[in-house]
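The values are calculated or read from the model by the stated rules, or taken from the named source; none is laboratory data. The shown structure was predicted, so the numbers you read here are calculated from the model rather than taken from an experiment. Virtual Cβ from ideal backbone geometry, glycine too; neighbours counted across all protein chains shown. The accessibility values were calculated without ligands, DNA or RNA, using every heavy atom of the protein model including side chains. Shrake-Rupley method; radii C 1.70, N 1.55, O 1.52, S 1.80 Å.
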Amino acid sequence: MSVQLWTVLIPLKRLEAAKTRLRGALPGVPHDDLVLALARSTVAAARQSPLVRRTAVITNQSGLDAETIPDLHGDLNEAIREAARLVTGPVAVIPADLPALRPQELTEALALAEQRSFVPDTEGTGTVLLACPKGLLDPRFGPGSALRHEQSGAVRLHGAWPTLRRDVDTAADLAAVEALGWRHAGHGLRV
């Protein structure tokens, strides 16, 4: 049995619109720098998974040192659909705000994704991984996406995966990823 290698898509909003609840979360750190540091950490971790053959950030931003696919839509789900059409083979989507992600957790989740599957965030309402080994990805990101993905037929994957399930939307989330081992100073930020 051959191992499936995945393309991981990582959508990133325009910096001025991204992570607005994090503005001022790290005193003295420009907001754009924080958002880019979160994304760089996420991309770096995804690249380290032995099941990931390619990572691509869906964005119109620069400064990521990553392959990018332009966001021609401005709508998250449309941008993901368009990017997924450019990919052959298994495709997965993770948000650009999983800075504490451990590659092993992503690897374990992808290995379990034998059909269109998702992993909910820590709160259980959002989605931190949507994976589709074949067929239509059909993203349904946004508020309450975990339920929408489940209602659309995606299989909920179960695993502790504390770093995969911990996205960053608030200052409290930022503190939680720091407790999981993320050090912002190591990712281009100077505080």
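Structure notes:
- Among the conditions (1) within 15 Å of L38 (Cα to Cα); (2) polar (S, T, N, Q); (3) at pLDDT 95 or above, the only one that Q115 does not satisfy is (1).
- Residue in the range 99-110 that is farther than 23 Å from V177 by Cβ, more than 13 Å from the chain's Cα centre (by Cα) and in contact (Cβ under 8 Å) with a residue 12 or more places away in the chain present: no
- Residue selected from the range 133-161 under the condition open to solvent by 60 Å² or more (accessible area, probe 1.4 Å) and in contact with a helix residue (DSSP H, G or I) (Cβ under 8 Å, 6 or more places away or on another chain), by the criterion nearest to R85 (Cα to Cα): R140
- Output for the range 1-41, where each listed residue is in contact with a strand residue (DSSP E or B) (Cβ under 9 Å, 6 or more places away or on another chain), touching a residue at least 60 places away in the same chain (Cβ under 8 Å) and open to solvent by less than 70 Å² (accessible area, probe 1.4 Å): W6, T7, V8, L9, I10, P11, L12
- In the range 91-132, the residues that are buried (at least 20 other Cβ atoms within 10 Å of the Cβ) and of a type in the set (S, T, Y): S117, T127
- Pairs are defined by a Cβ separation below 7 Å, a sequence spacing of at least 6 or placement on different chains, a first member in the range 163-177 that is closer than 16 Å to P143 by Cα, and a second member that is of a type in the set (G, A, S) and open to solvent by less than 20 Å² (accessible area, probe 1.4 Å); the pairs so defined are R166/A100; D167/G126.
- Near pairs, Cβ below 6 angstrom, 6+ apart or cross-chain, from the range 42-71 (acidic (D, E) and open to solvent by 20 Å² or more (accessible area, probe 1.4 Å)) to any residue that is outside any loop (DSSP other than H, G, I, E, B) and modelled with pLDDT of 95 or more: E67/A56; D71/I58; D71/A79
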